[in-house]
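These notes are about the structure you will find just below.
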Amino acid sequence: MSMNLRHSQNSRDTTISLSLPEMTFNMSKINPFKVKRRIGPVKWYEKVSFSYSGNMKNSITSKEKDLLDKSLVRDWQNGIRHSIPISLPSFNLLKFINMSPSFNYSERWYTNYINKRYDPDYVNPIPGGLQNVIVDTVYSFRRNYEYSYSLSSSTNIYGMYIMRNPNSRIKAIRHKITPQVSFSYTPDFGQKKFGFWDSYIDGKGITQYYSHFERGVYGYTGRGESGAIQFNLSQNLEAKVLEIQDSTTKKGDKPVYKKVKIIDNLGMTTSYNMIADSMKLSPINISARTTIKGVSVNMGANMNPYMVDENGDIYDEYVWNHLKGINKLGRLTNANLSFGMNFESKKGKKEAEENKKSIDEDKALPGTYAQYVDFNIPWSFRFDYSFYYNNSFRPNDENAKKIMQSLNFGGRLNFTEKWNMDMNTNFDIEAMKFSFTTVNISRTLHCWSMSFSFVPFGDRKSYSFNLSASSAMLRDLKISKQSSWRDN
């Protein structure tokens, strides 16, 4: 259990924001039907488990002079949220397919709710509010709950290719495929029998739906029935490779093999809503991840399975019934590609002593070299490139096809044990300019910590200086000075 008391105040207009209190309860998973002294095999019901998490919040935003006059029921926003996920016993279907059913239940408690009604003579005094709609607040305890069922299945399929050439360093290649199919069902909590949603008819004769709990601090239950089947296919590719022998390898030693990942993950996900009236199939997401000689590569794409008309509007016709070639897979709405590398300094005294010895032998600088360089300075540097493509298929939109490319550089350098500097910058390739650069310098002062951050150029040019106590108990004991980019 944890509890927080939060307070913030604007000294300019005396506005106070309070959370008094904000609590969180968590209970680890338990098996309520598990017997302590078992006779015989484990029963299926002993595997039933559940956990619990709860949140409670009571908050208000008010002017300082009006705070003590506020009513706890009418003016404070409060609520309690409960969440109980239940795991039912898993079982094997046809020996190799693992089936896992589950049930999720959540509930919210509020001390008030709202009713809406249309009145053509009513004028809302609140700027931007709904006109001709009267909102009545009823102060009474109401609960708002929801639940869902799910059943997931998964299995593993392995493929192995053994190299026929005995002199090949690659001994074998293994292909692992993990298909997953899951079904989830959520009832329509917008039905009248639940009492969570209501409706009114506006001046145009259109029925407008609303939730009685749309002002709740923990949200409200959605409307609409859902019965979806999710499909997920992930796979990876590994090779068993003979390590290169060196001078320490003796004749007759057993060969040493290592696993090399060719593809870390290649996945595809989509879902099919059986209850939807139209366009039941969701977009197909494809992702891939691998590492090539220290370079991490990530790729992704989103394919929409439905056609668009001459205006770019989607209609309920599958692309594979109309298009040819690779376009049968779907319309490519967006794609991304990124790769990056990390560089770090060698750590440990051994590397430092070897570097120092090498430079002393070269006599690159006169005198004792330790006076000039600290060989134990740790540093790191990273480089990232990202590419993003988006297509809205709007023929009259000049920005329908959009390409973004950027380079990101970042690094960290520890001058001493107590001084360090971080720097991060981003270069927009399309605009050919630096978009955002930050520099952070920090210093440990025994019981105190000092930091200085600044953005040297651009629209968000600013700086921030902070001197604070290192102890968590005294974290509010600090001196701060900063400028805002809005003042530029």
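When both residues are 6+ apart or on different chains and their Cβ atoms are under 7 Å apart, which pairs have a first residue that lies in segment 71-83 and is touching a residue at least 40 places away in the same chain (Cβ under 8 Å), and a second that is surrounded by fewer than 16 Cβ atoms within 10 Å (Cβ to Cβ)?
Qualifying pairs under 7 Å: V73/Y139; R74/Y139.
Looking at (1) over 26 Å from F213 (Cβ atoms); (2) surrounded by 14 or more Cβ atoms within 10 Å (Cβ to Cβ), can you tell me which one L94 breaks?
So the condition that L94 fails would be (2).
Of all residues in segment 14-41, which are at negative phi, modelled with pLDDT under 85 and more than 36 Å from the chain's Cα centre (by Cα)?
Correct list: K36, R37, R38, I39.
Checking G205 against (1) in contact with a strand residue (DSSP E or B) (Cβ under 8 Å, 6 or more places away or on another chain); (2) of a type in the set (G, A, S); (3) without any contact (Cβ under 8 Å) to a residue 12 or more places away in the chain, only one condition comes out false. Which one?
Answer for G205: the failing condition is (1).
Conditions tested, residue by residue: (1) in contact with an Asp or Glu (Cβ under 9 Å, 6 or more places away or on another chain); (2) surrounded by 14 or more Cβ atoms within 10 Å (Cβ to Cβ); (3) closer than 30 Å to A301 by Cα.
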| position | (1), (2), (3) |
| --- | --- |
| E398 | no, no, yes |
| F409 | yes, yes, yes |
| I429 | no, yes, yes |
| K433 | no, no, yes |
| T438 | yes, yes, no |
| H446 | no, no, no |
| F452 | no, yes, no |
| S468 | yes, yes, no |
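Out of Y113, Y45, report the one residue that is within 15 Å of N144 (Cβ to Cβ) and touching a residue at least 40 places away in the same chain (Cβ under 8 Å).
After ruling out the rest, the residue left standing is Y113.
Against the definition (out of contact with any Gly (no Cβ under 7 Å at 6 or more places or on another chain), surrounded by fewer than 16 Cβ atoms within 10 Å (Cβ to Cβ) and touching a residue at least 24 places away in the same chain (Cβ under 8 Å)), how does E243 come out, yes or no?
no
Report yes if G330 is buried (at least 16 other Cβ atoms within 10 Å of the Cβ) and at pLDDT below 90, otherwise no.
Against the criterion (buried (at least 16 other Cβ atoms within 10 Å of the Cβ) and at pLDDT below 90), G330 qualifies.
When segment 182-199 is examined, which residues are found to be touching a strand residue (DSSP E or B) at 6+ places or on another chain (Cβ under 6 Å) and surrounded by fewer than 16 Cβ atoms within 10 Å (Cβ to Cβ)?
Listed by number, the residues that qualify are Y185, S199.
Would you call T437 modelled with pLDDT under 90, within 25 Å of the chain's Cα centre (by Cα), assigned to a strand (DSSP E or B) and closer than 30 Å to F339 by Cβ?
Numbers: modelled with pLDDT under 90: yes; within 25 Å of the chain's Cα centre (by Cα): yes; assigned to a strand (DSSP E or B): yes; closer than 30 Å to F339 by Cβ: yes.
Criteria met by T437.
If the Cβ limit is 8 Å and pairs must be 6+ apart or interchain, which residue in segment 270-298 that is without any contact (Cβ under 8 Å) to a residue 40 or more places away in the chain pairs with which residue that is acidic (D, E)?
Note: pairs meeting the criteria are S278/D316; M279/D316; R289/D264; T290/D264; T291/D264.
Please go through segment 112-157 and give me each residue that is surrounded by 13 or more Cβ atoms within 10 Å (Cβ to Cβ), β-branched (V, I, T) and within 32 Å of the chain's Cα centre (by Cα), ordered by number.
Within segment 112-157, T155 is the sole residue that qualifies.
Name the residues in segment 402-417 that are of a type in the set (D, E, K, R), modelled with pLDDT of 85 or more and over 21 Å from F343 (Cβ atoms), would you? Full working, then the answer.
Pass one, segment 402-417, residues of a type in the set (D, E, K, R): 402, 412, 417.
Okay, now just the ones that are also modelled with pLDDT of 85 or more, so 402, 412.
Answer for segment 402-417, where residues must be of a type in the set (D, E, K, R), modelled with pLDDT of 85 or more and over 21 Å from F343 (Cβ atoms): just K402.
Mind telling me which of the residues M23, M3 ends up being free of Cβ contacts under 8 Å to residues at least 24 places away in the same chain and under 29 Å from R74 (Cβ atoms)?
Result: M3 is the single residue among M23, M3 that is free of Cβ contacts under 8 Å to residues at least 24 places away in the same chain and under 29 Å from R74 (Cβ atoms).
What tally of residues in segment 393-445 results from selecting those that are of a type in the set (S, T, Y) and in contact with a Lys or Arg (Cβ under 8 Å, 6 or more places away or on another chain)?
Residues of segment 393-445 that are of a type in the set (S, T, Y), as a first pass: 406, 416, 425, 435, 437-438, 442, 444.
Restricting the remaining residues to those that are in contact with a Lys or Arg (Cβ under 8 Å, 6 or more places away or on another chain) gives 444.
The qualifying residues number 1.
Kindly indicate which of I86, I30 is in contact (Cβ under 8 Å) with a residue 12 or more places away in the chain, within 30 Å of S100 (Cα to Cα), surrounded by 13 or more Cβ atoms within 10 Å (Cβ to Cβ) and among the aliphatic types (A, V, I, L, M).
On inspection, the qualifying residue turns out to be I86.
Evaluate the following for S271: is it part of a loop (DSSP other than H, G, I, E, B) and either modelled with pLDDT of 90 or more or not charged (D, E, K, R) (or both)?
No.
Please go through segment 74-111 and give me each residue that is small (G, A, S) and out of contact with any Asp or Glu (no Cβ under 7 Å at 6 or more places or on another chain), ordered by number.
G79, S83, S87, S90, S100, S102
Just to check your reading of the model, which residue among N355, N399 is assigned to a loop (DSSP other than H, G, I, E, B) and modelled with pLDDT under 85?
N399
Suppose we filter segment 274-286 for residues that are surrounded by fewer than 17 Cβ atoms within 10 Å (Cβ to Cβ), within 20 Å of P187 (Cα to Cα) and not hydrophobic (A, V, I, L, M, F, W, C); how many remain?
3
The values are calculated or read from the model by the stated rules, or taken from the named source; none is laboratory data. None of these values were measured; they are calculated from a predicted model. Please note: Cβ atoms are built from the backbone with ideal geometry, for glycine as well, and neighbour counts cover all protein chains shown.
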